[in-house]
Structures are given as C-alpha cells and as structure tokens.
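> What follows is a single structure, and I will ask about it in a moment.
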Amino acid sequence: MAYVLGIDVGSGSARCGVFDQDGNLLAAAQQSILIHRPRPGHVEQSSTDIWAAVCTATRTAVRRAEIDPQSVRGLSYSATCSLVLLDHAHEPLRLGEGVPGWDIVMWMDQRAGEEARICNATGSPVLNNLGGSISVEMQIPKLLWLKRNRPDLWQRLGYAADLADFLGWRSTGTNHRSVCTLGCKWTYDADAGSWVSSFLDEIGLDDLRAKARLPETASPVGTPAGRLTAKAAAELGLSEGCEVAVGLIDAHAGALGTSGLFADDAPETRLALIAGTSNCHIALVDRRIEVPGVWGPYNGAVLGGFHALEGGQSSTGAMLDQIVALFAAAKSYGEAPHGPLAQELLARMQDDPDQGGDIMVLPDFLGNRSPLADPSLRGAILGLTLEDPHETFLKVYWSTCASIAYGTRQIIDAMRGQGVPIRRLHLSGGHAKSALLVRLYADATGCDVVLSGMGEPVLLGAAVAAGMALDEKFDLARSAAAREVRVISPDPAAAALHDRRYARFRAAYEARPARS
C-alpha cells in the first residue's frame, strides 16, 4: 500500500493528513505556530518556526497512521497567502528583533494600505484579474511597502515567496511557483502565462522579479516540483523518494477538496466556502467572468480548465472571538464559549427564529474584502438599548453570526449578477462544526449547505494535488470516500425573516457616511 500527505499551514497551526489511495484519511496531526504583532496593523510569523511545526506535524501524523514512512509516495502543501522574506544567503530576513526571527508578513497584515492605493491608481489591466482593485492583503503592496519603508531590508532581499511555495522550495530546493499563488497574489497573468512588466515598472518594482527570484512562468497546481532533499527527508521523517507536488493557497485547497471534487457536475452552481478566522468564497467557472469587488478570474488557481472567482470576508471567526471578549456575560459560557452559545441559540430559535431583535451587526472589523473592496470600512453594532446585559449579549452574538451569513449572501448576489448561478455552498473549516452557523448560512442565503464527510477537506485538497503528480492510482478526487457529503437545506419558514433582515443590512451600508 502507498500513501500521500496533505500538509496545510493555517494562521495558527500546521497540520498533516495521511491519505490512502482510496481517499481515506488515516490519521492527522497538528502543531501550533507563533504569531507576532509588533504594532497595530503589523502581523508577522517565522519561517523557521513554521518549518519546525510542519516537520513535527508530519512525523506525528505518519506515526499515528502506523505506516512505513518509506511508503509515502508524495505530498503537497497548502498555506495561507503570507509572504516569506529571505536574504541572499537564504536566511530569514528579519523584520524586527527577537527569536526565532520574524521574516513573514502575514496575509492579514494591514501595513501596506498606501501602497495598495498606489497600485490601484495606475489603472493597470492587472486589476481586471482582481475584481477591479488590488488588496492590502496581497503581496505586491507589501513588497512595495518594504522597498519604500525599509530600504535596508530591500537591499538584502534575496528571495520572496508565498508560504506554500516556500515550503515546496524548502522541501526540494527547486524554485517552482504555483499558478495559484502567483496568479492570485502577485499579479501574474495566468491567462497570458506571463508577467505584466509595465505594471511593476510603473509602481517602482522593476527589480522585484530578480530580487524575489520569480520565474518567467508559473507551474500548474499538482505538477511535480521535485523529490525531497536528504535534509528535508530527514527532518520530515520521510524518504528521499517522496515526490513533492506544486501546492496552492489554503482556501483554494479547501475548494479543491470540496466543490472541486464535483467539477463534472454543474460546478458553476457550487460555491466553496472556507470559513474559519476569515471566510473565502471560491466559485469555479469554465470561462473568464469578471465580477466587480470579487478577486479573479484566476485561470487554473484550483483546477486546470477552470477560472476561480474569489470573494472573501477578512474577519469572521476572529470577529466572533472579539464579540465574546467584549461582553462580560460571555464568561458564563466557559473557556470555549462558541459551542454552548450555539446550542442555546439554536434551542431558542425553535420558539423564535429571530434572536437578534432590533440589533444589526456590520461585520467589517477588518474592512470589507468583497464585494465592496473597501479596507477602510469598520464594524458596527446597531440597535442597542437598555435591557438585561445577558440578553443583549445573546442578541449581539446571534446578529454577528447572521451578519457573516449576510456578507456571504452579498458575495453570492454579486456573482449571480454576472451570470454565476450559485445554489450550493460547500462549507469547510471551523464554521462547518457550528450547527448555528450552518443553519444561518442555509437560511440567510437560501442555498443548500453541503458538508464534506471528510473531516479535513483542506488537507484532502492538498492530498489531491499530491496525487496529481503521481499515477492514476492516486486520483483521490474520484474516490467515493472523498465525495461523501451531507446536505443541509434552507428552512422555507425562515426566508421572510432573513429577507427582511438582509434588506436592513444592505440599507445600513447605503446609509454609511463616506470616510475621508
């Protein structure tokens, strides 16, 4: 028997899953990683810490699976779209002091707002692949920030990469860059198969491609990147014969491991919703469609032959954590309050499905990624009054959950407006474990919510990419185990309630004063 590994690095941990040729998840392991916040808006990590966590999670998962490490034929990585910076000696390019050395600008880092505005002011055709505007979360504004604000570090820069590509390089020593990472975050034109050099020249990054070691062309997801080096094999506890496949961004791995498994069955009706700290919404279409405020279209970012459209909400699970932290009443729900809160609110919804009352929450705690594409927007709680504080907390918490679902409905509306007939949400991530959020996603959007029978669809997506680099025995996407799902349909009785609240939600945006 032979096996493949799907390895994913999220915001707070590295995880590894061991899959057999039939798509069964045999074992998984997780190792936490560090996050550093030196000042407001700056969020950093360490490539040294992350690689150590990847190695620990991999060795643990293989041991738990009780398999011979020599029988692991291949692996692939998915990761957050965070930016790794190394110097000319391929050592961490430290952004600040301390151990282990902070050389990663995280996806959620907001420092490059001015640089994003500079990029958008060009009106370059590259913006047509980004929903009309570049985001502060993408790599080009961050690299422009580095050049403008830390010329000392820019002078020493010898390598820059998305985290998934860095992990592939760290494993094989080869410099493959995924069409997923370059197309989605680096302004690489995947339709043309080339860079738009005039854009980089115009914003002052004419030297970026040489400094970052960016190749002329990107590599398709799932193509062979090379075998493990002796050093990487020893650290991961695997053999040098293990093939590493070109990986992808974690959200796109979630799409590959959920809706991407059904690319042969009305894929344009399916929206992958990868929901945890933040939300990512990925639709697959067989032609180029531009949706204002929605990133993409990205050719081949998930699967060859499909363009990906990517909506997003920058703060969802993180926003729920913030709401809990704001209210003293939350302390009565213990150290892990979200589960008990969901149970109580679901029980109360049996008598009254509207648990928000007059309260409305606007969920833009870290700006609006889609469909408004406005990082300056901020969240709000509307409709507060004097009442029992515990009741207020429950209303605010429920309304926050509902606002996440309404934000997803906004993105679906934007896609439908351009001819993408979304009817099904393939939900994965932490929100899939909350019966309250699952119910609200279904009822608030009017879509069927499809839950994977596989406990770790993001790991599955990475494993599917690993299998692509091998032979047909590893076509995990067609395995019965991978395609097993459970469907939660919307409650017709709740439609009027959510139509009414959604109309109020949209009206609140229209009433907002413009920010200077």
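> In terms of solvent-accessible area of protein heavy atoms at a 1.4 angstrom probe, what is the ranking of Lys211, Lys231, Lys433, highest value first?
Accessible-area ranking of Lys211, Lys231, Lys433, largest first: Lys433, Lys231, Lys211.
> Hey, if you put +1 on the Cβ of every Lys and Arg and -1 on every Asp and Glu Cβ in the chain, which of Leu309, Gly101, Ser219 ends up farthest toward the positive end of that dipole?
Gly101
> Over the stretch 172-220, what percent of the accessible surface lies on carbon and sulfur atoms, probe 1.4 Å?
Summing carbon and sulfur atoms, their accessible area is 47 percent of the total for the stretch 172-220.
> Roughly how many debye, to the nearest 20, is the charge dipole of the chain about its Cα centre, given +1 on each Lys and Arg Cβ, -1 on each Asp and Glu Cβ, and no other charges?
It works out to roughly 480 debye.
> Starting from 0 in steps of 5 Å, tell me what percent of the Cα-Cα pairs of the stretch 323-425 lands in each bin.
Taking every Cα pair in the stretch 323-425, the percentages come to 2, 11, 19, 20, 18, 14, 10, 4, 2, 0.
> Under a plain spin-label model, where a point goes 7 Å from the Cα along Cα-to-Cβ, how far apart in nm are Val196 and Glu216?
Spacing of the two 7 Å Cα→Cβ label points: 2.2 nm.
> Give, rounded to the nearest 20 debye, the magnitude of the charge dipole that the stretch 1-121 has about its Cα centre when Lys and Arg contribute +1 at Cβ and Asp and Glu contribute -1 at Cβ.
200
> Further question: Determine, from the Cβ-Cβ distance of Val487 and Asp22 and an R0 of 22 Å, the FRET efficiency 1/(1 + (r/R0)^6), rounded to the nearest 0.05.
Efficiency, from the Cβ-Cβ distance: 0.45.
> Rounded, prolate or oblate: pick one for the stretch 252-305, where a ≥ b ≥ c are the square roots of the eigenvalues of its C-alpha gyration tensor, a/c under 1.5 means rounded, and failing that, prolate if a/b is larger than b/c, else oblate.
Note, shape of the stretch 252-305 comes out oblate.
> For Glu335 and Arg504 in the same chain, what is the full-extension length gain: residue separation times 0.36 nm, less their Cα-Cα distance, in nm?
57.5 nm
> Given a Förster distance of 45 angstrom, what is the FRET efficiency for Ser133 paired with Arg64, based on the Cβ-Cβ distance and rounded to 0.05?
E(calc), rounded to 0.05, equals 0.50.
> Within the set Lys142/Lys231; Lys142/Lys433; Lys147/Lys211; Lys331/Lys395; Lys142/Lys185, which residue pairs have Cα atoms separated by over 22 Å?
With Cα atoms farther than 22 Å apart: Lys142/Lys231; Lys142/Lys433.
> Still on this structure, I have one more. What distance in nm separates the two pseudo spin-label positions at Ala2 and Glu97, each 7 Å out from Cα along the beta-carbon direction?
Using points 7 Å along Cα→Cβ, the separation is 5.2 nm.
> Go through Gly334, Ala494, Gly461 and say which Cα lies farthest out towards the positive end of the charge dipole of the chain; charges sit on Cβ, +1 for Lys and Arg, -1 for Asp and Glu.
It is Gly334.
> Additional query: With r as the distance between the Cβ atoms of Asp413 and Glu290 and R0 = 25 Å, compute the FRET efficiency 1/(1 + (r/R0)^6) and round to 0.05.
After rounding to 0.05, the efficiency reads 0.95.
> Now, a different point. For the stretch 387-402 and the stretch 341-381, what is the centre-to-centre distance using only Cα atoms, to the nearest Å?
If you average the Cα positions of each part, the centres end up 10 Å apart.
> Further question: Take Asp448, Asp265, Asp358, Asp87 and sort them by solvent-accessible surface of the protein heavy atoms, 1.4 Å probe, largest at the top.
Asp358, Asp265, Asp448, Asp87
> Once the principal axes of the Cα atoms of the stretch 209-266 are found, what is the range along each, listed largest first in whole angstroms?
Dimensions of the stretch 209-266 along the principal axes of its Cα atoms: 44, 33, 17 Å.
> Moving on to the next point. Please work out how much length the chain gains when fully extended from Arg117 to Asp471, using 0.36 nm per residue of separation minus the C-alpha to C-alpha distance, in nm with one decimal.
Full extension from Arg117 to Asp471 adds 122.9 nm.
> In the calculated pair distance distribution of the chain, what percentage of Cα-Cα distances lie above 30 Å?
46
> Could you size up the charge dipole of the stretch 288-400 around its Cα centre, putting +1 on the beta carbon of Lys and Arg and -1 on that of Asp and Glu, and report it in debye to the nearest 20?
Dipole size: approximately 460 debye.
> Aspartates and glutamates near Lys473 by alpha-carbon distance under 16 Å, same-chain residues fewer than 8 away left out - which ones?
Excluding near neighbours in sequence, the set is Asp20, Asp22, Glu243.
> Taking the full set of protein chains and a 1.4 angstrom probe, give the accessible area of Met468 in square angstrom, rounded to the nearest 10.
80
> Ranked from highest to lowest mean number of other Cβ atoms within 10 Å per residue, what is the order of the peptides 454-463, 292-301, 95-104, 482-491?
454-463, 292-301, 95-104, 482-491
> Quickly work out the Asp206-to-Glu344 label distance, labels modelled 7 Å from Cα along the C-beta direction, and quote it in nm with one decimal.
6.3
> Positive end of the charge dipole of the chain (Lys, Arg +1 and Asp, Glu -1 on Cβ, about the Cα centre): tell me which of Ala116, Leu163, Trp195 has its Cα farthest that way.
Most positive-ward Cα: Ala116.
The values are calculated or read from the model by the stated rules, or taken from the named source; none is laboratory data. Here the structure is a predicted model, which means the values were calculated and not measured. For neighbour counting, all protein chains shown are included, and Cβ atoms are generated from backbone atoms with ideal geometry for every residue, glycine included. All accessible areas refer to the heavy atoms of the entire protein, side chains included, with ligands and DNA or RNA removed. Shrake-Rupley method; radii C 1.70, N 1.55, O 1.52, S 1.80 Å.
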